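The values are calculated or read from the model by the stated rules, or taken from the named source; none is laboratory data. Keep in mind it's a predicted model, so treat the numbers as computed, not measured. Here the Cβ is made from the backbone with ideal geometry for all residues, glycine too, and neighbour counts use every protein chain on show.
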Amino acid sequence: MRELAGLAVLLARLEDQLQACMRCGFCQAACPLYAQTGREEDVARGKLALLRGLLERSLAEAEEVRRLLERCLLCGACAAACPRGVEVMEIFLQARAALGEYLGLPAAKRLVLRGLLARPTRFHRVLAAAPRLQGLLTRPARPELDTACLRLPGRLGRRHLKRLAEVPLHRRVALRTAAADARVLFFSGCLIDKVFPGTGLATLAALERQGLAVEVPAAQGCCGLPALAAGDRDSFLALLRHNLGLFSRPGVEAVVTACATCAATLRRFWPLAARELPPAERRTVEAVAARVQEVSTFLAAVGPRVVHRPRPAPSVTCHDPCHLTHSLAGNQAPREVLSAAGARLVEMARPQDCCGLGGSFALQHRELSLAIGRRKLEQVLATGAQVVVTSCPACMLQLSELLSQAGAGVQVRHVVEIYAQALAGEEAVPA
């Protein structure tokens, strides 16, 4: 058995934060995973107790603690509910990184993260071939949601996957001529680039209709959250530094993204990781992070143009992404943008409830992910809305699969798509 002293040293920086938890149970009431399983080790206070055991060397099962730490959506609901202000998300991410350094990464994760994701040029090149293969490997499921099923027997063949875009966003804007005086940079993120390029184009159109000159830096990479969540600090820092070189240009007033998760990563988790960087680099990270805005929050701040529709708008219901609600406290901004677009908003019972995706959580714990998601699906369908909108492409993936499997006639759109189409004088979606 490995000596735990080394791990205790890595976890020592978390000692004060771990001691701050008073085990009151507020996190239990907020946790979507605990609501599904009822297991103490699935709630924040249980995981914090396990980390204290490792720190004090009273527990020796580091691998088991890592497994339980990975049974977490990283939604941030526990931190938002904590009366002591314990930064649970930061603790879990730092603990995962410490465990990753101590135990090493599984071979498959190391291959994907270090061999592919942390190398943006290679990542784009490899993924460029995927759309040509998906026609051979999948069959259409719900064309109106652009979902498909794998041509496989059993459970895998029953998945309703969102199809990759034939042409990613970075290729669609490759010939785009940015204004020399552009003060707004657009950070696309992986899902908008590979799966939802229409959302990226809608973002650019909406910003430009506001009279803003926007530039899309070429060769940008992943925000780094998948690597950070997996405990791969090296890959996370490699991606941070790669993107930092693209988005730290002097004179930039805002870095806008249409992904709530990317916005939370750049604003909160980049500075968290930067604490260990040299002072000059740390200051650059903090300066870029301070300029990052999720697109609906940015539009609400600058004042979205009010659209006067010639015909009734379709009814929409709004799902609040966890990172926008808990990490950025910005769930009112999408409603301001929808109001400006003339949308008829029908609120669901609990719009802030997690959809259940949680990044890699949905890959490792698919049945739990879908079970949490079905609660959200019930809320969506209960509204009778024609469209469910959100500000996170990961949530769009989950909602698309849930609605596709249910055979429901509800469309999934990003908030900025509704706004951009309204600005263009079109109906947001077919009524």
Scan the strands (runs of 3 or more DSSP E) fully inside region 132-212 and keep the ones with 2 or more residues being over 30 Å from residue 248 (Cβ atoms). 138-140, 147-150
When both residues are 6+ apart or on different chains and their Cβ atoms are under 9 Å apart, which pairs have a first residue that lies in region 266-290 and is within 18 Å of residue 324 (Cα to Cα) and in contact (Cβ under 8 Å) with a residue 60 or more places away in the chain, and a second that is among the aromatic types (Phe, Trp, Tyr) and outside any helix (DSSP H, G or I)? 266/187
Anything in region 302-324 that is of a type in the set (Gly, Ala, Ser) and either in contact (Cβ under 8 Å) with a residue 24 or more places away in the chain or buried (at least 23 other Cβ atoms within 10 Å of the Cβ) (or both)? List them, or say none. 313, 315
Residue 399 in a helix (DSSP H, G or I), touching a strand residue (DSSP E or B) at 6+ places or on another chain (Cβ under 8 Å) and within 27 Å of residue 81 (Cα to Cα): yes
Filter region 370-386 down to the residues that are among the aliphatic types (A, V, I, L, M) and either crowded, with 24+ Cβ neighbours inside 10 Å or more than 19 Å from residue 141 (Cα to Cα) (or both), then identify the one that is nearest to the chain's Cα centre (by Cα). 372
Test of understanding: among 339, 327, which residue is buried (at least 21 other Cβ atoms within 10 Å of the Cβ), among the hydroxyl-bearing types (Ser, Thr, Tyr) and not assigned by TED's automatic domain parsing to the domain that holds residue 67? 327
Residue 277 meets each of (1) part of a helix (DSSP H, G or I); (2) modelled with pLDDT under 95 with one exception, condition (1)
Can you tell me which residues in region 358-369 are touching a residue at least 12 places away in the same chain (Cβ under 8 Å) and surrounded by fewer than 18 Cβ atoms within 10 Å (Cβ to Cβ)? 359, 360, 364
With respect to the numbered conditions (1) within 17 Å of the chain's Cα centre (by Cα); (2) closer than 15 Å to residue 318 by Cβ; (3) of a type in the set (A, V, I, L, M, F, W, C), which one is the sole condition not fulfilled by residue 397? (2)
Within region 62-109, the residues that are among the basic types (Lys, Arg) and over 22 Å from the mean Cα position of the chain (by Cα) are 84
Does residue 317 meet the test of being of a type in the set (Val, Ile, Thr), in the same structural domain as residue 360 (by TED's automatic domain parsing) and touching a helix residue (DSSP H, G or I) at 6+ places or on another chain (Cβ under 7 Å)? yes
Are any of the residues in region 360-382 at pLDDT 95 or above and part of a strand (DSSP E or B)? no
If a residue must be basic (Lys, Arg) and surrounded by fewer than 17 Cβ atoms within 10 Å (Cβ to Cβ), how many such residues does region 28-51 contain? 1
Do we find a residue being assigned to a helix (DSSP H, G or I) and modelled with pLDDT of 95 or more anywhere in region 314-322? yes
Is one or more of the residues making up region 13-27 modelled with pLDDT of 90 or more, surrounded by 17 or more Cβ atoms within 10 Å (Cβ to Cβ) and closer than 21 Å to residue 272 by Cβ? yes
Any residue that is surrounded by 24 or more Cβ atoms within 10 Å (Cβ to Cβ) and assigned to a loop (DSSP other than H, G, I, E, B) - is there at least one of those in region 342-350? yes
Look through region 283-313, keep the residues that are among the charged types (D, E, K, R) and at pLDDT 95 or above, and return whichever of them is nearest to residue 424 (Cα to Cα). 294
Considering only region 112-148, state which residues are closer than 30 Å to residue 267 by Cα and either basic (Lys, Arg) or assigned by TED's automatic domain parsing to the domain that holds residue 396 (or both). 114, 119, 122, 125
